[in-house]
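Working notes, beginning with the structure itself.
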Amino acid sequence: MRRALTATAAFAAVRAGVAQVDRYRAIWTERSVAFPAKPRFVPKMADVTDRVEQHFRLFNQAVRSRDWTAFLATFTPDAVMSFEGIPVGPYAGLDQITRAYAERPPSDTMTCESDARDGDRDVVRFSWDAGGGGTLRVSWRDGAVADLTVTFDA
């Protein structure tokens, strides 16, 4: 017969768990062992199933917040970003890409319409939420964007 856990018993269990963690931290400190790292946001997109979705999510967040830090952190230091159909770029290296977003930030969010994958390359059809669309050709290295070519529909 199973018994329901009372609130008092639940709190006692939580306290015991916290005490156990505190005990381990004391041991680690005593032995000069580093504490386990706290989870932190690492914007590398190594998971193939999520990399394009993550790219779009970070881009759209950056458009809304005007803070491109997390989005730009997903590019390799030697990344190249180029455009077809508009007279800007290409931008070689993270410094030039960062400067491009600072000087001419996009003002519209976008939606992924389709994604064709071939190893470390994606060909992604997108639409701007205000209308229009295009194609992203993305090459990945170690989970980060190494080359991005954006083609706008005529």
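The values are calculated or read from the model by the stated rules, or taken from the named source; none is laboratory data. Given the structure is predicted, the values throughout are model-derived calculations rather than measurements. Don't worry about glycine lacking a Cβ; one is built from the backbone with ideal geometry, like all the others, and counts go over all protein chains shown.
Candidates are the residues of the stretch 64-79 that are more than 18 Å from residue 141 (Cα to Cα) and in contact with a helix residue (DSSP H, G or I) (Cβ under 9 Å, 6 or more places away or on another chain); the one that is surrounded by the most Cβ atoms within 10 Å (Cβ to Cβ) is 68. Can you say whether residue 11 is of a type in the set (Phe, Trp, Tyr), under 13 Å from the mean Cα position of the chain (by Cα), surrounded by fewer than 13 Cβ atoms within 10 Å (Cβ to Cβ) and at pLDDT below 55, as far as the supplied structure shows? No: the conditions fail for residue 11. Taking each residue of the stretch 110-122 that is under 11 Å from residue 140 (Cα atoms) and looking for partners that are of a type in the set (A, V, I, L, M, F, W, C) and surrounded by fewer than 12 Cβ atoms within 10 Å (Cβ to Cβ) with beta-carbon atoms closer than 8 Å, six or more apart or interchain, yields 122/116.
Take the conditions (1) surrounded by 12 or more Cβ atoms within 10 Å (Cβ to Cβ); (2) in contact with a Lys or Arg (Cβ under 9 Å, 6 or more places away or on another chain); (3) small (Gly, Ala, Ser); residue 89 misses just one of them, which is (2). Number of residues in the stretch 97-126 that are of a type in the set (S, T, N, Q) and surrounded by 15 or more Cβ atoms within 10 Å (Cβ to Cβ) equals 2.
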